[in-house]
Amino acid sequence: MAAPLNWDNVTEIGIALADRFRDLNPLELQFTDIHRYVTELPGFRDDPKASNDAKLQAIQQAWHEEWEDRTR
């Protein structure tokens, strides 16, 4: 079983989001959508209120890098 995800697991969350939302370009999403997608991930166990713009931006970037690698 994988370790629970929290807001600091940027790379792991980016990969999980790319797996779950294969057709979404994360750069086209608002932070409110990214926040919801992260908190709905299986295994996410952090406080939803503990996020901030910097964490969401880092997750968006990690997700985008993974998405780009998969769509090339």
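Key figures
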read-out	value
Any chance Trp7 is part of a loop (DSSP other than H, G, I, E, B), touching a helix residue (DSSP H, G or I) at 6+ places or on another chain (Cβ under 8 Å) and either on the phi < 0 side of the Ramachandran plot or surrounded by fewer than 16 Cβ atoms within 10 Å (Cβ to Cβ) (or both)	yes
Qualifying positions in the stretch 12-54 - free of Cβ contacts under 8 Å to residues at least 12 places away in the same chain, farther than 19 Å from Ala2 by Cα and part of a helix (DSSP H, G or I)	Glu28, Thr32, Asp33, Arg36, Lys49, Ala54
Residue match in the stretch 55-63 (condition: exposed (fewer than 12 other Cβ atoms within 10 Å of the Cβ) and free of Cβ contacts under 8 Å to residues at least 40 places away in the same chain)	no
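So that you can scan it fast, the table gives a plain yes or no per residue for (1) over 14 Å from Glu65 (Cβ atoms); (2) surrounded by 12 or more Cβ atoms within 10 Å (Cβ to Cβ):
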| position | (1), (2) |
| --- | --- |
| Ala16 | no, yes |
| Arg22 | yes, no |
| Leu29 | yes, yes |
| His35 | yes, yes |
| Pro42 | yes, no |
| Lys49 | yes, no |
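Read the figures in this text as sums done on the coordinates, not as results from a lab. All values reported here derive from a predicted model rather than from experimental measurement. Counting neighbours? That spans all protein chains shown, and the Cβs are built from the backbone with ideal geometry, glycine included.
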